[in-house]
Amino acid sequence: MSNGMVERLHRQLKASLTAVISNNDWASKLPLVMLSLRSTIKQDIECCPAELVYGTTLRLPGEFFTAGKSVPTDIADYVQRLKQHMSSLRITLPRQHQRRVYIPKQLSDSTHVFIRRDNVQRPLQPAYDGAFKVIKRDDKTITVEKAGKTDVISIDRVKPAFIEAYDQPVHTDTAKTVESSKRQFQSSTTSTNTSKENPVTTRSGRRVRWPQRYVAAIFY
């Protein structure tokens with residue numbers, strides 16, 4: 001609860017300083033702002049903070065002067081201070097809301113694109129939908145095929161999708177490599193079968209019989 005009260009006081013203090021400062025001179029305006037906060041009546045306690053501390057209200061600057069008493073004013077000094085204050089004021093330029101958007105180079109010739117979701121994302125929800133086939137494109141928009149219909153999307157909401165082409169024809173070099181692999185496999189299979197059909201014998205003609213537990217490891 002105390003943290004909430006401190007945060008509310010800070011928010012009110014910042015709002016009051018923002019309303020009176022003009023050239024980052026908040027330190028000179030701080031006493032006047034604090035005086036207004038201490039003299040303002042709180043609705044919940046029906047009194048001001050100064051009454052809780054001192055038992056009475058503070059005397060405001062306007063109460064120091066009576067209506068019938070004339071206050072001497074140095075016109076030259078007032079004009080000089082007014083000129084200095086007006087010269088310190090600066091025109092607040094409007095913010096540049098437009099931001100530069102990065103457009104990938106691959107977007108000019110990509111066949112499919114992903115479309116960014118601009119709504120509020122739930123946890124673990126993908127940021128892009130797609131990929132969608134590109135039908136037409138120009139400098140600002142891209143027309144895609146979406147759910148059997150055409151949809152025009154702004155170019156800053158899409159990014160290129162790199163789709164793997166499964167239906168491409170097999171090149172000659174690849175076919176030769178596959179054929180060579182088949183021949184090597186057939187040759188190894190033939191040699192294995194030949195070794196099985198021709199038993200191994202010694203010089204004296206005695207047939208060598210391998211243990212059954214080693215046969216699979218040798219021939220397979």
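Laboratory data are not the source of any read-out in this text; all were calculated from the coordinates shown. Note that the structure is a prediction, hence the values are computed from the model and not measured. Cβ: placed from backbone, ideal geometry, glycine included. Neighbour counts: every protein chain shown.
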Separation in nanometres of the label points that stand 7 Å from Cα toward Cβ, at Asp77 and Leu89:
2.3 nm
Name the long-range amide H neighbours of Lys146: under 5 Å, sequence gap of 5 or more, or other chain; modelled H, no Pro or chain starts.
Asp151
For Arg95, Arg209, what's the fewest-to-most ordering of other Cβ within 10 Å of each Cβ?
Arg95, Arg209
Within a 10 angstrom radius of the beta carbon, how do Phe132, Phe162 rank from fewest other beta carbons to most?
Phe162, Phe132
How high is the FRET efficiency between Gln125 and Glu7 when r is their beta carbon distance and R₀ equals 30 Å, given to the nearest 0.05?
0.40
Dipole-positive endmost among Ala147, Gln121, Ala161 within region 105-161 (Cβ charges, Cα centre):
Gln121
